[in-house]
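The values are calculated or read from the model by the stated rules, or taken from the named source; none is laboratory data. Given the structure is predicted, the values throughout are model-derived calculations rather than measurements. Don't worry about glycine lacking a Cβ; one is built from the backbone with ideal geometry, like all the others, and counts go over all protein chains shown. Accessible surface areas use protein heavy atoms only, side chains included; no ligands, DNA or RNA. Shrake-Rupley method; radii C 1.70, N 1.55, O 1.52, S 1.80 Å.
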Amino acid sequence: MNIHDSERVAGLLEREGWVESEPEAADAVILITCCVRDSAERKLYGKLSELRAVKDKTGALIAVGGCLAQKEGEGLRRRAPYVDLVFGTHQYPAIPLLLSQAAQGAVTSISMEGPALRDLPCKRREGFRSWVAITNGCDNLCSYCVVPRVRGEERSRPMHEIVEEVGRHVADGVREVNLLGQNVNSYRRKEEGKSRFADLLRSLGSAYPRVWFRFTTSHPKDFDLEVMRAVADTPGVCEYVHLPLQAGSDRVLEAMNRGYGREEYLEKARSLREVVEGAALSTDIIVGFPGEREKDFQATLEMVELCRFEAAFTFIFNPRPGTPAALLEDDVPPEVKRERMQRLTGLTRLLTARALQAEVGKEREALVHGPSHRDPGFWTARTRRNFPLHFQRGSQDLTGRFVRVRVTGAGSWSLRGVLLGVID
Ligand code: SAM
Ligand code: SF4
(Lines give C-alpha, C1' and ligand atoms only; values in the text may rest on other atoms or scores of the structure.)
(Ligands and ions follow the chains in the order given, each with its own letter.)
Protein backbone atom coordinates (compact mmCIF):
# COMPACT_ATOMS: atom_id res chain seq x y z
CA MET A 1 0.00 0.00 0.00
CA ASN A 2 2.87 2.37 0.78
CA ILE A 3 4.53 1.66 -2.55
CA HIS A 4 1.25 2.47 -4.24
CA ASP A 5 0.84 5.67 -2.16
CA SER A 6 4.33 6.78 -3.26
CA GLU A 7 3.42 6.12 -6.88
CA ARG A 8 0.32 8.26 -6.51
CA VAL A 9 2.19 11.15 -4.89
CA ALA A 10 4.83 10.95 -7.65
CA GLY A 11 2.09 10.85 -10.33
CA LEU A 12 0.32 13.92 -8.94
CA LEU A 13 3.51 15.94 -8.69
CA GLU A 14 4.62 14.95 -12.17
CA ARG A 15 1.30 16.18 -13.52
CA GLU A 16 2.08 19.53 -11.90
CA GLY A 17 5.46 19.72 -13.63
CA TRP A 18 7.70 18.31 -10.91
CA VAL A 19 10.54 16.01 -12.02
CA GLU A 20 11.94 13.13 -9.95
CA SER A 21 15.56 13.54 -8.81
CA GLU A 22 18.11 12.42 -6.23
CA PRO A 23 17.67 14.03 -2.77
CA GLU A 24 20.88 16.08 -3.19
CA ALA A 25 19.46 17.81 -6.28
CA ALA A 26 15.84 18.07 -5.12
CA ASP A 27 13.65 21.05 -4.24
CA ALA A 28 11.62 18.74 -1.98
CA VAL A 29 12.24 15.30 -0.48
CA ILE A 30 9.09 13.35 0.36
CA LEU A 31 9.02 10.28 2.59
CA ILE A 32 5.96 8.03 2.66
CA THR A 33 5.88 6.18 5.97
CA CYS A 34 4.61 3.03 7.66
CA CYS A 35 3.84 2.66 11.37
CA VAL A 36 2.76 -0.98 11.69
CA ARG A 37 5.85 -1.76 13.79
CA ASP A 38 8.27 0.58 15.54
CA SER A 39 11.17 -0.61 13.37
CA ALA A 40 9.66 1.45 10.53
CA GLU A 41 9.36 4.39 12.89
CA ARG A 42 13.02 4.18 13.94
CA LYS A 43 14.09 3.96 10.32
CA LEU A 44 12.19 7.16 9.52
CA TYR A 45 13.91 9.22 12.21
CA GLY A 46 17.31 7.84 11.11
CA LYS A 47 16.56 8.83 7.52
CA LEU A 48 15.33 12.26 8.59
CA SER A 49 18.56 13.09 10.37
CA GLU A 50 20.45 12.19 7.16
CA LEU A 51 18.13 14.45 5.19
CA ARG A 52 18.64 17.29 7.63
CA ALA A 53 22.26 17.47 6.45
CA VAL A 54 21.04 17.60 2.83
CA LYS A 55 18.58 20.36 3.70
CA ASP A 56 21.34 22.38 5.38
CA LYS A 57 23.28 22.30 2.11
CA THR A 58 20.53 22.69 -0.48
CA GLY A 59 17.55 24.20 1.33
CA ALA A 60 15.26 21.39 0.08
CA LEU A 61 11.83 21.10 1.69
CA ILE A 62 11.36 17.94 3.73
CA ALA A 63 7.89 16.39 3.68
CA VAL A 64 6.70 13.31 5.60
CA GLY A 65 3.45 11.64 4.61
CA GLY A 66 1.48 8.45 5.13
CA CYS A 67 0.68 6.35 8.18
CA LEU A 68 3.29 7.55 10.66
CA ALA A 69 2.63 11.17 9.71
CA GLN A 70 -1.08 10.52 10.29
CA LYS A 71 -0.37 8.96 13.68
CA GLU A 72 2.13 11.56 14.93
CA GLY A 73 0.83 14.81 13.42
CA GLU A 74 2.51 17.82 15.04
CA GLY A 75 4.44 15.42 17.30
CA LEU A 76 6.59 14.51 14.32
CA ARG A 77 7.69 18.11 13.95
CA ARG A 78 8.42 18.33 17.66
CA ARG A 79 10.91 15.48 17.21
CA ALA A 80 12.23 16.72 13.88
CA PRO A 81 11.50 20.49 13.72
CA TYR A 82 13.28 20.84 10.38
CA VAL A 83 10.45 18.90 8.68
CA ASP A 84 8.46 21.40 6.59
CA LEU A 85 5.35 19.37 5.81
CA VAL A 86 3.52 16.58 7.62
CA PHE A 87 0.62 15.13 5.61
CA GLY A 88 -1.70 12.24 6.44
CA THR A 89 -3.13 9.31 4.52
CA HIS A 90 -6.10 11.32 3.20
CA GLN A 91 -4.11 14.30 1.95
CA TYR A 92 -2.37 12.86 -1.13
CA PRO A 93 -4.55 14.73 -3.67
CA ALA A 94 -3.58 18.02 -1.98
CA ILE A 95 0.17 17.40 -2.07
CA PRO A 96 1.09 20.00 -4.76
CA LEU A 97 -0.77 22.73 -2.85
CA LEU A 98 0.61 21.63 0.51
CA LEU A 99 4.17 21.76 -0.81
CA SER A 100 3.73 25.30 -2.06
CA GLN A 101 2.24 26.30 1.32
CA ALA A 102 5.13 24.61 3.14
CA ALA A 103 7.58 26.75 1.17
CA GLN A 104 6.08 29.74 3.07
CA GLY A 105 6.15 28.09 6.51
CA ALA A 106 5.74 24.66 8.16
CA VAL A 107 2.40 22.87 7.56
CA THR A 108 0.75 19.87 9.24
CA SER A 109 -2.31 18.49 7.44
CA ILE A 110 -3.75 15.26 8.81
CA SER A 111 -7.53 15.60 8.55
CA MET A 112 -9.20 12.26 7.76
CA GLU A 113 -11.88 14.17 5.86
CA GLY A 114 -9.52 14.82 2.95
CA PRO A 115 -10.51 14.78 -0.73
CA ALA A 116 -11.45 11.44 -2.35
CA LEU A 117 -8.49 9.21 -3.14
CA ARG A 118 -9.97 7.98 -6.38
CA ASP A 119 -8.58 8.43 -9.85
CA LEU A 120 -5.25 9.88 -8.80
CA PRO A 121 -2.57 9.87 -11.47
CA CYS A 122 0.07 7.29 -10.75
CA LYS A 123 3.74 7.13 -11.70
CA ARG A 124 4.41 3.41 -11.77
CA ARG A 125 7.84 2.13 -10.83
CA GLU A 126 7.43 -0.81 -13.18
CA GLY A 127 5.76 -0.81 -16.56
CA PHE A 128 4.57 -4.41 -16.39
CA ARG A 129 3.09 -4.56 -12.89
CA SER A 130 0.65 -2.27 -11.11
CA TRP A 131 -1.18 -1.79 -7.81
CA VAL A 132 -4.83 -0.83 -7.62
CA ALA A 133 -6.46 0.04 -4.28
CA ILE A 134 -9.95 -1.46 -4.23
CA THR A 135 -10.66 -0.41 -0.66
CA ASN A 136 -9.15 2.17 1.64
CA GLY A 137 -9.09 1.93 5.43
CA CYS A 138 -10.12 -0.94 7.69
CA ASP A 139 -13.14 -1.64 9.89
CA ASN A 140 -11.61 -4.53 11.81
CA LEU A 141 -10.25 -3.95 15.23
CA CYS A 142 -7.44 -6.46 15.60
CA SER A 143 -6.21 -5.58 19.06
CA TYR A 144 -2.52 -5.23 18.11
CA CYS A 145 -2.98 -3.18 14.95
CA VAL A 146 -2.60 0.54 14.39
CA VAL A 147 -3.85 0.55 10.78
CA PRO A 148 -7.52 1.48 11.41
CA ARG A 149 -6.35 4.50 13.42
CA VAL A 150 -4.23 5.84 10.58
CA ARG A 151 -6.17 4.73 7.51
CA GLY A 152 -9.69 5.41 8.77
CA GLU A 153 -12.93 3.62 7.98
CA GLU A 154 -13.10 1.05 5.23
CA ARG A 155 -14.43 2.41 1.94
CA SER A 156 -14.87 0.35 -1.20
CA ARG A 157 -14.39 1.95 -4.56
CA PRO A 158 -17.14 1.44 -7.14
CA MET A 159 -16.55 -1.63 -9.30
CA HIS A 160 -16.80 0.26 -12.63
CA GLU A 161 -14.15 2.71 -11.48
CA ILE A 162 -11.74 -0.12 -10.66
CA VAL A 163 -12.44 -1.88 -13.97
CA GLU A 164 -11.76 1.38 -15.83
CA GLU A 165 -8.55 2.05 -13.93
CA VAL A 166 -7.29 -1.46 -14.66
CA GLY A 167 -8.19 -0.86 -18.32
CA ARG A 168 -5.91 2.17 -18.39
CA HIS A 169 -3.08 0.14 -16.89
CA VAL A 170 -3.59 -2.63 -19.41
CA ALA A 171 -3.54 -0.10 -22.25
CA ASP A 172 -0.18 1.10 -20.89
CA GLY A 173 1.19 -2.45 -21.14
CA VAL A 174 0.66 -3.73 -17.58
CA ARG A 175 0.63 -7.55 -17.42
CA GLU A 176 -0.03 -8.15 -13.73
CA VAL A 177 -2.43 -6.16 -11.55
CA ASN A 178 -2.29 -6.38 -7.75
CA LEU A 179 -5.57 -5.53 -6.05
CA LEU A 180 -4.99 -3.90 -2.68
CA GLY A 181 -7.01 -3.54 0.49
CA GLN A 182 -6.52 -4.21 4.19
CA ASN A 183 -9.26 -6.81 3.84
CA VAL A 184 -10.08 -7.34 0.17
CA ASN A 185 -12.72 -9.96 0.99
CA SER A 186 -14.98 -7.40 2.60
CA TYR A 187 -15.03 -5.34 -0.60
CA ARG A 188 -18.51 -3.83 -0.90
CA ARG A 189 -19.74 -5.88 2.06
CA LYS A 190 -21.27 -2.98 3.94
CA GLU A 191 -22.88 -1.28 1.00
CA GLU A 192 -24.48 -4.31 -0.60
CA GLY A 193 -25.02 -6.69 2.28
CA LYS A 194 -22.78 -9.44 0.91
CA SER A 195 -19.28 -9.96 -0.33
CA ARG A 196 -18.82 -8.71 -3.85
CA PHE A 197 -15.11 -9.32 -4.11
CA ALA A 198 -15.80 -12.50 -6.08
CA ASP A 199 -17.83 -10.45 -8.61
CA LEU A 200 -14.97 -8.01 -8.97
CA LEU A 201 -12.49 -10.82 -9.66
CA ARG A 202 -14.80 -12.33 -12.27
CA SER A 203 -15.47 -8.97 -13.96
CA LEU A 204 -11.79 -8.11 -14.16
CA GLY A 205 -10.92 -11.59 -15.40
CA SER A 206 -13.45 -11.46 -18.20
CA ALA A 207 -12.65 -7.84 -19.20
CA TYR A 208 -8.88 -8.47 -19.33
CA PRO A 209 -8.33 -12.18 -20.00
CA ARG A 210 -4.63 -11.83 -20.82
CA VAL A 211 -3.73 -10.15 -17.52
CA TRP A 212 -2.68 -11.81 -14.27
CA PHE A 213 -4.42 -10.70 -11.09
CA ARG A 214 -3.23 -11.03 -7.52
CA PHE A 215 -4.83 -9.62 -4.39
CA THR A 216 -3.80 -8.80 -0.86
CA THR A 217 -4.72 -8.98 1.98
CA SER A 218 -7.37 -11.62 2.55
CA HIS A 219 -8.87 -11.73 6.02
CA PRO A 220 -9.70 -15.32 7.02
CA LYS A 221 -13.05 -14.40 8.58
CA ASP A 222 -14.34 -13.05 5.25
CA PHE A 223 -12.52 -15.38 2.86
CA ASP A 224 -15.28 -17.66 1.65
CA LEU A 225 -16.16 -20.30 -0.93
CA GLU A 226 -17.52 -17.68 -3.30
CA VAL A 227 -14.06 -16.04 -3.52
CA MET A 228 -12.29 -19.42 -3.78
CA ARG A 229 -14.57 -20.39 -6.69
CA ALA A 230 -13.92 -17.07 -8.42
CA VAL A 231 -10.17 -17.71 -8.13
CA ALA A 232 -10.64 -21.23 -9.48
CA ASP A 233 -12.91 -20.20 -12.39
CA THR A 234 -11.01 -17.09 -13.52
CA PRO A 235 -7.91 -18.12 -15.47
CA GLY A 236 -6.22 -14.73 -15.03
CA VAL A 237 -6.37 -14.87 -11.22
CA CYS A 238 -3.18 -16.47 -9.92
CA GLU A 239 -3.57 -19.46 -7.66
CA TYR A 240 -1.89 -17.81 -4.71
CA VAL A 241 -3.55 -16.50 -1.55
CA HIS A 242 -2.00 -14.58 1.34
CA LEU A 243 -4.16 -15.41 4.36
CA PRO A 244 -2.70 -14.13 7.64
CA LEU A 245 -3.17 -16.64 10.45
CA GLN A 246 -1.47 -14.48 13.15
CA ALA A 247 -1.70 -17.22 15.82
CA GLY A 248 -2.67 -20.87 16.11
CA SER A 249 -4.28 -20.85 19.54
CA ASP A 250 -7.95 -19.96 19.94
CA ARG A 251 -7.19 -18.13 23.18
CA VAL A 252 -4.64 -15.83 21.49
CA LEU A 253 -6.78 -15.36 18.37
CA GLU A 254 -9.60 -14.20 20.61
CA ALA A 255 -7.31 -11.81 22.48
CA MET A 256 -6.21 -10.50 19.08
CA ASN A 257 -9.89 -10.00 18.18
CA ARG A 258 -9.39 -11.70 14.84
CA GLY A 259 -12.95 -13.01 14.51
CA TYR A 260 -12.08 -16.66 13.66
CA GLY A 261 -10.77 -19.71 15.46
CA ARG A 262 -8.19 -22.29 14.41
CA GLU A 263 -10.75 -24.82 13.15
CA GLU A 264 -12.37 -22.21 10.90
CA TYR A 265 -8.99 -21.20 9.50
CA LEU A 266 -7.98 -24.80 8.95
CA GLU A 267 -11.25 -25.53 7.18
CA LYS A 268 -10.71 -22.55 4.86
CA ALA A 269 -7.14 -23.58 4.10
CA ARG A 270 -8.36 -27.11 3.29
CA SER A 271 -11.20 -25.85 1.09
CA LEU A 272 -8.85 -23.51 -0.76
CA ARG A 273 -6.55 -26.36 -1.69
CA GLU A 274 -9.54 -28.44 -2.75
CA VAL A 275 -11.35 -25.76 -4.76
CA VAL A 276 -8.32 -24.09 -6.36
CA GLU A 277 -6.07 -26.66 -7.97
CA GLY A 278 -2.43 -26.12 -7.03
CA ALA A 279 -3.19 -23.15 -4.76
CA ALA A 280 -0.22 -21.75 -2.85
CA LEU A 281 -0.90 -20.29 0.59
CA SER A 282 1.19 -17.77 2.50
CA THR A 283 0.61 -16.19 5.88
CA ASP A 284 1.62 -13.68 8.57
CA ILE A 285 2.29 -14.82 12.13
CA ILE A 286 2.93 -12.79 15.30
CA VAL A 287 4.88 -14.42 18.14
CA GLY A 288 4.96 -13.29 21.76
CA PHE A 289 1.52 -11.70 21.91
CA PRO A 290 0.72 -10.75 25.56
CA GLY A 291 -0.28 -13.86 27.50
CA GLU A 292 1.07 -16.28 24.86
CA ARG A 293 2.08 -19.43 26.77
CA GLU A 294 4.27 -22.23 25.50
CA LYS A 295 1.10 -24.24 24.90
CA ASP A 296 -0.33 -21.47 22.70
CA PHE A 297 2.89 -21.23 20.74
CA GLN A 298 2.88 -25.02 20.25
CA ALA A 299 -0.61 -24.61 18.78
CA THR A 300 0.81 -22.09 16.29
CA LEU A 301 3.57 -24.49 15.26
CA GLU A 302 0.99 -27.24 14.85
CA MET A 303 -1.21 -25.03 12.66
CA VAL A 304 1.76 -24.10 10.50
CA GLU A 305 2.45 -27.79 9.90
CA LEU A 306 -1.20 -28.57 9.22
CA CYS A 307 -1.60 -25.69 6.76
CA ARG A 308 1.70 -26.44 4.95
CA PHE A 309 2.27 -22.77 4.13
CA GLU A 310 4.33 -22.15 1.02
CA ALA A 311 5.64 -18.93 2.60
CA ALA A 312 5.30 -17.10 5.93
CA PHE A 313 6.09 -13.60 7.17
CA THR A 314 6.84 -13.72 10.88
CA PHE A 315 6.85 -10.84 13.37
CA ILE A 316 7.62 -10.41 17.05
CA PHE A 317 4.72 -8.68 18.81
CA ASN A 318 5.36 -4.98 19.03
CA PRO A 319 3.01 -2.91 21.24
CA ARG A 320 1.69 0.00 19.22
CA PRO A 321 0.55 3.04 21.22
CA GLY A 322 -3.20 3.55 21.10
CA THR A 323 -4.05 -0.09 20.40
CA PRO A 324 -5.87 -2.27 22.98
CA ALA A 325 -3.01 -4.81 23.04
CA ALA A 326 -0.58 -2.08 24.08
CA LEU A 327 -2.53 -1.84 27.35
CA LEU A 328 -1.97 -5.52 28.11
CA GLU A 329 1.05 -6.59 30.07
CA ASP A 330 3.80 -7.38 27.51
CA ASP A 331 4.62 -10.43 29.63
CA VAL A 332 6.51 -12.71 27.24
CA PRO A 333 10.21 -12.06 28.02
CA PRO A 334 12.26 -10.85 25.03
CA GLU A 335 14.49 -13.93 25.07
CA VAL A 336 11.43 -16.20 24.96
CA LYS A 337 10.04 -14.19 22.03
CA ARG A 338 13.33 -14.55 20.19
CA GLU A 339 13.58 -18.24 20.92
CA ARG A 340 9.99 -18.85 19.72
CA MET A 341 10.70 -16.80 16.63
CA GLN A 342 13.70 -18.99 15.85
CA ARG A 343 11.67 -22.17 16.24
CA LEU A 344 8.90 -20.76 14.09
CA THR A 345 11.15 -19.57 11.28
CA GLY A 346 13.04 -22.89 11.41
CA LEU A 347 9.74 -24.60 10.61
CA THR A 348 8.45 -22.09 8.03
CA ARG A 349 11.79 -22.16 6.18
CA LEU A 350 11.64 -25.91 6.04
CA LEU A 351 8.11 -25.79 4.60
CA THR A 352 9.12 -23.19 2.01
CA ALA A 353 12.16 -25.24 1.00
CA ARG A 354 9.95 -28.34 0.67
CA ALA A 355 7.40 -26.45 -1.41
CA LEU A 356 10.16 -25.17 -3.70
CA GLN A 357 11.65 -28.64 -4.02
CA ALA A 358 8.24 -29.98 -5.07
CA GLU A 359 8.32 -27.59 -8.05
CA VAL A 360 11.42 -29.20 -9.54
CA GLY A 361 10.70 -30.94 -12.84
CA LYS A 362 7.45 -29.01 -13.41
CA GLU A 363 6.68 -26.67 -16.29
CA ARG A 364 5.54 -23.29 -15.00
CA GLU A 365 4.35 -19.98 -16.38
CA ALA A 366 6.11 -16.92 -14.98
CA LEU A 367 6.20 -13.16 -15.45
CA VAL A 368 9.72 -11.81 -15.99
CA HIS A 369 10.50 -8.88 -13.68
CA GLY A 370 13.94 -8.02 -15.10
CA PRO A 371 17.63 -8.93 -14.77
CA SER A 372 18.46 -10.55 -11.43
CA HIS A 373 20.17 -8.10 -9.01
CA ARG A 374 22.31 -10.85 -7.53
CA ASP A 375 23.26 -12.48 -10.78
CA PRO A 376 22.93 -10.22 -13.84
CA GLY A 377 23.42 -13.21 -16.15
CA PHE A 378 19.95 -14.39 -15.10
CA TRP A 379 16.38 -13.14 -15.38
CA THR A 380 14.28 -12.94 -12.26
CA ALA A 381 10.63 -13.87 -12.61
CA ARG A 382 7.64 -14.93 -10.46
CA THR A 383 5.52 -17.97 -11.10
CA ARG A 384 1.75 -17.85 -10.77
CA ARG A 385 2.16 -19.49 -7.35
CA ASN A 386 4.38 -16.50 -6.45
CA PHE A 387 7.70 -18.32 -6.24
CA PRO A 388 10.75 -16.32 -7.34
CA LEU A 389 12.37 -18.03 -10.32
CA HIS A 390 15.68 -17.39 -12.09
CA PHE A 391 16.72 -18.50 -15.54
CA GLN A 392 19.60 -17.70 -17.84
CA ARG A 393 19.52 -14.58 -19.98
CA GLY A 394 19.92 -14.63 -23.72
CA SER A 395 20.04 -11.66 -26.09
CA GLN A 396 16.29 -10.96 -26.12
CA ASP A 397 14.86 -8.50 -23.52
CA LEU A 398 12.17 -10.44 -21.68
CA THR A 399 11.25 -7.85 -19.02
CA GLY A 400 7.46 -7.85 -18.57
CA ARG A 401 6.94 -10.94 -20.74
CA PHE A 402 5.12 -14.13 -19.79
CA VAL A 403 7.34 -17.16 -20.25
CA ARG A 404 7.11 -20.93 -19.91
CA VAL A 405 9.95 -22.41 -17.90
CA ARG A 406 10.96 -25.89 -16.78
CA VAL A 407 12.00 -25.82 -13.12
CA THR A 408 15.38 -27.50 -12.79
CA GLY A 409 16.44 -26.68 -9.23
CA ALA A 410 15.38 -25.19 -5.91
CA GLY A 411 17.24 -23.18 -3.27
CA SER A 412 16.00 -21.97 0.11
CA TRP A 413 13.96 -19.08 -1.32
CA SER A 414 13.82 -19.42 -5.08
CA LEU A 415 13.71 -21.70 -8.10
CA ARG A 416 16.05 -22.15 -11.05
CA GLY A 417 14.78 -23.08 -14.46
CA VAL A 418 15.34 -23.22 -18.20
CA LEU A 419 13.33 -21.21 -20.66
CA LEU A 420 10.98 -23.28 -22.82
CA GLY A 421 9.38 -20.39 -24.65
CA VAL A 422 7.95 -16.89 -24.53
CA ILE A 423 4.16 -17.04 -24.23
CA ASP A 424 3.30 -13.44 -24.92
N1 SAM B 1 -4.70 -6.05 6.80
C2 SAM B 1 -3.69 -7.02 6.73
C3 SAM B 1 -4.04 -8.20 7.64
O4 SAM B 1 -5.05 -8.22 8.28
O5 SAM B 1 -3.26 -9.11 7.66
C6 SAM B 1 -2.33 -6.45 6.97
C7 SAM B 1 -2.05 -5.85 8.29
S8 SAM B 1 -0.44 -5.35 8.72
C9 SAM B 1 -0.14 -4.01 7.71
C10 SAM B 1 0.62 -6.63 8.15
C11 SAM B 1 1.06 -7.58 9.23
O12 SAM B 1 1.84 -6.92 10.22
C13 SAM B 1 -0.07 -8.22 10.01
O14 SAM B 1 -0.65 -9.30 9.32
C15 SAM B 1 0.61 -8.65 11.28
O16 SAM B 1 1.12 -9.96 11.20
C17 SAM B 1 1.76 -7.66 11.42
N18 SAM B 1 1.52 -6.72 12.55
C19 SAM B 1 0.58 -5.78 12.62
N20 SAM B 1 0.63 -5.15 13.80
C21 SAM B 1 1.65 -5.72 14.50
C22 SAM B 1 2.19 -5.53 15.81
N23 SAM B 1 1.69 -4.63 16.63
N24 SAM B 1 3.25 -6.30 16.19
C25 SAM B 1 3.75 -7.23 15.34
N26 SAM B 1 3.27 -7.47 14.11
C27 SAM B 1 2.22 -6.73 13.69
FE1 SF4 C 1 -4.96 -4.35 11.03
FE2 SF4 C 1 -6.69 -6.34 11.39
FE3 SF4 C 1 -7.30 -4.31 9.75
FE4 SF4 C 1 -5.42 -6.08 9.04
S5 SF4 C 1 -7.60 -6.52 9.34
S6 SF4 C 1 -5.31 -3.84 8.90
S7 SF4 C 1 -4.48 -6.56 11.00
S8 SF4 C 1 -7.03 -4.20 11.96
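Each of Glu226, Glu161 has its accessible area taken with a 1.4 Å probe; listed largest first, they run Glu226, Glu161.
Let me spell out the model: positive unit charges on the Cβ of Lys and Arg, negative unit charges on the Cβ of Asp and Glu, origin at the Cα centre of the chain. What dipole size does that give, in debye rounded to 20? Walk me through the numbers on the way to the answer.
On the way: 61 positive and 59 negative charges, 159 e Å.
The calculated dipole for the chain is roughly 760 debye.
Among the GluC sites (Glu not before Pro) within the range 71-113, those in coil by DSSP and having at most 14 neighbouring Cβ atoms inside 10 Å are Glu113.
For the range 129-357, the share of DSSP beta bridges that are antiparallel, to the nearest 5, is 10%.
For the residue pairs Lys47/Lys337; Lys221/Lys337; Lys43/Lys221, the alpha carbons lie more than 31 Å apart in Lys43/Lys221.
For the range 363-422, a/c is less than 1.5, where a ≥ b ≥ c are the root eigenvalues of the C-alpha gyration tensor. That puts it in the rounded class. If only the Cβ of Lys and Arg carry +1 and only the Cβ of Asp and Glu carry -1, the dipole of the range 129-357 around its Cα centre is close to 420 debye. Within the accessible surface of the chain, defined with a 1.4 Å probe on protein heavy atoms only, the carbon and sulfur portion equals 50 percent.
Quickly estimate the mean residue ellipticity at 222 nm for the chain, helices only: each DSSP H run with n ≥ 4 gives -39500 (n - 2.57), and the total goes over all residues, rounded to 500. Write out the running numbers ahead of the final one.
Values: 14 runs with 155 residues, N = 424.
Computed mean residue ellipticity for the chain: -11000 deg cm²/dmol.
Using the heavy atoms of the protein chains alone and a 1.4 angstrom probe, what is the accessible area of the chain per residue in square angstrom? Write down the numbers at each step before the final one.
On the way: 19000 Å² over 424 residues.
Averaged over the residues of the chain, the accessible area is 45 Å².
FRET efficiency for the pair Arg202 and Lys57, taken as 1/(1 + (r/R0)^6) with r the Cβ-Cβ distance and R0 = 41 Å, rounds to 0.15. Working from Cα pairs under 8 Å separated by at least six residues, relative contact order for the chain is 10 percent. Dipole orientation for the chain: of the candidates Pro235, Gln182, Val29, Pro235 has the Cα lying most toward the positive pole (charges on Cβ; Lys, Arg +1; Asp, Glu -1). Toward the positive end of the charge dipole of the chain, with +1 on the Cβ of Lys and Arg and -1 on the Cβ of Asp and Glu, the farthest Cα among His390, Val9, Phe197 is that of His390. For Ser39 and Gln104, what does the FRET efficiency come to when R0 = 45 Å and r is the distance between their Cβ atoms, rounded to the nearest 0.05? Rounded to the nearest 0.05, the efficiency is 0.85.
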